[in-house]
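These notes concern the structure reproduced below.
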Amino acid sequence: MAITAGMVKELREMTGAGMMDCKKALSATDGDMDKAIEFLREKGLATAQKKAGRIAAEGIVYTVVSDDDKKAVVVEVNAETDFVAKNEKFRSYVADVAEQALNTSATDMDAFMAETWAKDSTMTVKEALAAQISVIGENMNIRRFEQMEEANGFVASYIHAGGKIGVLVDVETDVVNEAVKEMARNVAMQVAALKPLYTNSDEVSAEYIEHEKAILMAQIQNDPKEASKPEKVIQGMIQGRIKKELKDICLLDQPYVKAADGKQSVAQYVAEVAKQNGAKITVKKFVRFETGEGMEKKSENFAEEVAKQMSGN
């Protein structure tokens with residue numbers, strides 16, 4: 001398979017590896033992007049956990065929480081340009097989509113698009129979207145939504161940068177006061193900032209751990225100095241690195257970013273707030289949406305964007 005400059009550029013953006021290393025990795029894996037990432041990781045040239053994709057498409061993420069804080073939803077709606085994504089008409093439409101998603105019983109996007117549009121019962125959600133596209137004059141897409149419910153506590157939400165990132169956090173607790181709610185908001189901000197993959201280490205599969213161990217072993221074997229160490233030492237190194245990695249990817253194990261000394265974990269912060277308020281608190285899960293994650297964006301500069309809007313095309 002011919003390796004293009006675009007492929008090399010994409011791999012470099014995803015891994016941070018050098019241009020020539022990326023080209024070599026793609027050549028060695030016949031252009032398979034996922035295998036090329038693994039190749040670079042084994043050589044110790046990349047730290048990517050998985051193919052994350054480039055944050056590219058425009059649009060916004062939006063959250064809605066019910067009046068009693070027991071139920072919430074996060075949605076992502078995309079548009080072609082940032083120009084439209086900042087438009088009040090578009091943002092108002094996204095708010096309507098979120099309200100629809102909060103109350104829907106649909107379990108997938110096809111069912112959601114086929115249901116009656118709450119704002120106008122003469123249309124389906126899909127038909128309402130088509131009507132908005134004709135009004136706004138730009139292609140749009142309701143990409144995804146996820147609901148969260150907590151009967152024995154509440155759901156907290158956080159929106160970052162006007163809709164670039166949206167987070168929901170499920171908090172089970174027997175005490176709901178301002179201090180506990182503030183804790184939940186802080187945890188949601190942590191999720192937005194540090195991008196964990198799991199709530200706690202119990203969620204991490206044995207397969208994931210074994211895969212990471214294999215990657216670490218390959219890295220060690222590619223380093224003559226480390227490879228010459230006794231097997232017991234090597235296994236200890238691998239276990240240490242796995243433990244460190246889990247602290248990076250598991251929310252409750254991460255260092256709490258607002259901690260004064262930088263040593264407190266998120267779990268310790270939650271326990272501290274629970275003790276101060278005589279509460280039992282469990283952060284059960286979270287959802288994090290980032291606008292356009294995993295999507296490709298066509299090259300288009302701001303001047304062209306404005307010209308397109310002015311011409312009505």
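The values are calculated or read from the model by the stated rules, or taken from the named source; none is laboratory data. Just so it is clear, the structure is predicted and the values come from calculations on it, not from any experiment. Reconstructed Cβ throughout: ideal geometry from the backbone, glycine too, with neighbour counts over all protein chains shown. The area values use the complete protein model at the heavy-atom level, side chains included, leaving out ligands, DNA and RNA. Shrake-Rupley method; radii C 1.70, N 1.55, O 1.52, S 1.80 Å.
For region 106-118, the candidate set comprises residues that are surrounded by 12 or more Cβ atoms within 10 Å (Cβ to Cβ) and part of a loop (DSSP other than H, G, I, E, B); within that set, the residue that is nearest to the chain's Cα centre (by Cα) is 106. From the residues in region 240-251 that are under 12 Å from residue 204 (Cβ atoms) and not β-branched (Val, Ile, Thr), which one is surrounded by the most Cβ atoms within 10 Å (Cβ to Cβ)? The selected residue is 251. Filtering region 129-141 to residues that are of a type in the set (A, V, I, L, M), farther than 21 Å from residue 295 by Cα and free of Cβ contacts under 8 Å to residues at least 12 places away in the same chain leaves 130, 131.
Please go through region 1-25 and give me each residue that is under 21 Å from residue 44 (Cβ atoms) and assigned to a loop (DSSP other than H, G, I, E, B), ordered by number.
Answer for region 1-25, where residues must be under 21 Å from residue 44 (Cβ atoms) and assigned to a loop (DSSP other than H, G, I, E, B): 16, 17, 18.
Any idea which of 121, 92 is modelled with pLDDT of 90 or more, part of a helix (DSSP H, G or I) and surrounded by fewer than 19 Cβ atoms within 10 Å (Cβ to Cβ)? From the options 121, 92, the qualifying one is 92. I'd like to know if region 219-239 contains one or more residues that are closer than 28 Å to residue 294 by Cβ, surrounded by fewer than 17 Cβ atoms within 10 Å (Cβ to Cβ) and out of contact with any Asp or Glu (no Cβ under 6 Å at 6 or more places or on another chain). Scanning region 219-239 turns up no residue that is closer than 28 Å to residue 294 by Cβ, surrounded by fewer than 17 Cβ atoms within 10 Å (Cβ to Cβ) and out of contact with any Asp or Glu (no Cβ under 6 Å at 6 or more places or on another chain).
I'd like to know if region 42-58 contains one or more residues that are within 28 Å of residue 132 (Cα to Cα) and open to solvent by 40 Å² or more (accessible area, probe 1.4 Å). The answer is yes, given that some residue of region 42-58 is within 28 Å of residue 132 (Cα to Cα) and open to solvent by 40 Å² or more (accessible area, probe 1.4 Å). What do you reckon, is residue 212 in contact with a strand residue (DSSP E or B) (Cβ under 9 Å, 6 or more places away or on another chain), surrounded by 13 or more Cβ atoms within 10 Å (Cβ to Cβ) and on the phi < 0 side of the Ramachandran plot? For residue 212, the condition - in contact with a strand residue (DSSP E or B) (Cβ under 9 Å, 6 or more places away or on another chain), surrounded by 13 or more Cβ atoms within 10 Å (Cβ to Cβ) and on the phi < 0 side of the Ramachandran plot - is not met.
Consider residue 172 carefully, then state whether it is charged (D, E, K, R), in a helix (DSSP H, G or I) and surrounded by fewer than 18 Cβ atoms within 10 Å (Cβ to Cβ). In short, no. Take residue 28 and decide whether it is open to solvent by less than 70 Å² (accessible area, probe 1.4 Å) and without any contact (Cβ under 8 Å) to a residue 40 or more places away in the chain. The answer is yes for residue 28. With respect to residue 189, is the statement that it is assigned to a helix (DSSP H, G or I), under 17 Å from residue 78 (Cα atoms), of a type outside the set (S, T, N, Q) and touching a residue at least 24 places away in the same chain (Cβ under 8 Å) true? Taking the combined requirement at face value, the residue does not satisfy it. Condition check for residue 158 on (1) part of a helix (DSSP H, G or I); (2) open to solvent by 40 Å² or more (accessible area, probe 1.4 Å): one failure, at (1).
From the list 247, 263, pick out the single residue that is over 30 Å from residue 98 (Cβ atoms) and in a helix (DSSP H, G or I).
247
Summed over region 221-240, residues that are modelled with pLDDT of 85 or more and under 31 Å from the mean Cα position of the chain (by Cα) total 1. Of all the residues in region 265-312, those that are modelled with pLDDT of 95 or more, surrounded by fewer than 18 Cβ atoms within 10 Å (Cβ to Cβ) and of a type in the set (Val, Ile, Thr) number 1. Here is the figure for region 192-207: residues that are surrounded by fewer than 17 Cβ atoms within 10 Å (Cβ to Cβ) and either part of a helix (DSSP H, G or I) or touching a Cys at 6+ places or on another chain (Cβ under 6 Å) (or both) total 7.
Residues that are open to solvent by 40 Å² or more (accessible area, probe 1.4 Å), modelled with pLDDT under 95 and on the phi < 0 side of the Ramachandran plot: does region 96-105 have at least one? Within region 96-105 (the criterion being open to solvent by 40 Å² or more (accessible area, probe 1.4 Å), modelled with pLDDT under 95 and on the phi < 0 side of the Ramachandran plot), the answer is no, since none of the residues qualifies.
The conditions of being closer than 29 Å to residue 159 by Cβ and acidic (Asp, Glu) are not met by residue 223.
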